[in-house]
1. Go through the range 197-223 and give me each residue that's within 10 Å of the ligand (Cβ to nearest atom) and hydrophobic (A, V, I, L, M, F, W, C).
2. For a quick check of your reading of the model, give me the residue pairs whose first member lies in the range 95-117 and is farther than 19 Å from residue 137 by Cα and at pLDDT below 95, whose second is of a type outside the set (S, T, N, Q) and in a strand (DSSP E or B), with beta-carbon atoms closer than 7 Å and at least 6 apart or on different chains.
3. Take residue 280 and decide whether it is among the hydroxyl-bearing types (Ser, Thr, Tyr) and surrounded by 13 or more Cβ atoms within 10 Å (Cβ to Cβ).
4. Which of the residues that make up the range 290-310 are within 12 Å of residue 357 (Cβ to Cβ), among the small types (Gly, Ala, Ser) and not in a helix (DSSP H, G or I)?
5. Kindly indicate the residue of the range 5-24 that is more than 16 Å from the ligand (Cβ to nearest atom) and of a type in the set (A, V, I, L, M) and also surrounded by the most Cβ atoms within 10 Å (Cβ to Cβ) among those meeting that condition.
6. So residue 251 passes all but one of these: (1) within 30 Å of residue 40 (Cα to Cα); (2) aromatic (Phe, Trp, Tyr); (3) free of Cβ contacts under 8 Å to residues at least 24 places away in the same chain. Which condition number does it fail?
7. Can you find a residue in the range 113-127 that is surrounded by fewer than 20 Cβ atoms within 10 Å (Cβ to Cβ), of a type in the set (Ser, Thr, Tyr) and either in a loop (DSSP other than H, G, I, E, B) or more than 16 Å from the ligand (Cβ to nearest atom) (or both)?
8. Just to be sure, is residue 309 without any contact (Cβ under 8 Å) to a residue 40 or more places away in the chain, buried (at least 16 other Cβ atoms within 10 Å of the Cβ) and of a type in the set (Phe, Trp, Tyr)?
Amino acid sequence: MTRAYNFCAGPAALPLAVLERARDELTDYQGRGLSVMEMSHRSTEFVAIAEAAEQSLRRLLAIGDDHAVLFMQGGASTQFAAVPLNIGNGTGRAGYVDTGYWAGKAIKEARRFVDVDVLASSKDDAYTRVPEIAALPTGLDYVHITPNETIGGVEYHAFPDTGDVPLVGDASSTLLSRPLDVTRFGILYAGAQKNIGPAGLTVVIVRRDLIGQARETTPDMLNYATLAAADSMANTPPTYTWYLAGLVFDWLLEQGGLAAMEARNRAKAECLYTAIDASSFYASPVAPAARSWMNVPFTLADPGLDGAFLDGAEARGLLNLKGHRSVGGMRASLYNAVPQAAVDALIDYMGEFEREHG
Ligand SMILES: *Cc1c(COP(=O)(O)O)cnc(C)c1O
């Protein structure tokens, strides 16, 4: 069997050990005679799987009792609406930091429900850095940031201090890539398909005192109170994805937890940025202080060579390096399941391609 190196931004690479375990348990979960896919979500077996996954996630991120963990559906994009519906009901004003594509989507959706105050934007710099919030206005229900912009490759390496105003983070493409102080956040949410598991599950970590303030018209399935009261089983949850996420969490714990992942992810990113910076053929558009460890966009000196670069990469089993249609160029996503060997193979190929075409 050969496995390609998959640099996809999402759905992304999963650890081989997790896939193998899922394969081994696919048709007969631990001698029960059925697949996890076929189990009632109310069964003792599945409830144990669900609870164990939550406990493993709590251990990984050191999530304390002050925060609930919800396993929701609808992806991160559904949280763009759920957040204002649940906690945008005080003044009805919320602050957003505009760091690029995903922040823009969050802002657009939030505007349906709250008055959005764009506190800072890096639009004028083509979203190549993290903008500073000059001064926090009073009377905001919350402040929303995008800790890692998956398309632009811009990452916060320190979070803004919002005082008593709850900080909300769309951590879809950075959660679990390194330790993160959950107590800094009122809400953290992430679509699973980057660092957590397959698509179909959304992890929402929410401070308990923010639960129960949803506006009257909030759909039940978007109301954190409904989900929290039902242990995320107010309706049928995505059971198989939840189970796979649990396998990923346990794999991460076996690897040494998030401190170990931080060391690996930092090393992977540094290798690639160093190779890009050392070359006059490749370039990173992102300000060095804001460069993402998870998503590394880069350009070729001649965009006319993009197609040849991608064809050659694919022939070597280096997949999904095409940049997002909104920015072009290349993008290598280096999530937890992408090993150092993949980065080394990419750098080797980049060198070869440059010698041939540079
Ligand atoms: C992938 C991604 C999204 C969209 O997630 P869906 O689960 O497809 O809705 C939103 N925000 C960020 C930062 C992402 O990386």
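1. 199, 201
2. none
3. no
4. 301
5. 18
6. Going through the list (1) within 30 Å of residue 40 (Cα to Cα); (2) aromatic (Phe, Trp, Tyr); (3) free of Cβ contacts under 8 Å to residues at least 24 places away in the same chain, residue 251 breaks only (3).
7. yes
8. So residue 309 does not fit the description; no.
The values are calculated or read from the model by the stated rules, or taken from the named source; none is laboratory data. Note that the structure is predicted; figures quoted are calculated from it, not measured. Note: ideal-geometry Cβ built from the backbone for every residue, glycine included; neighbour counts use all protein chains shown.
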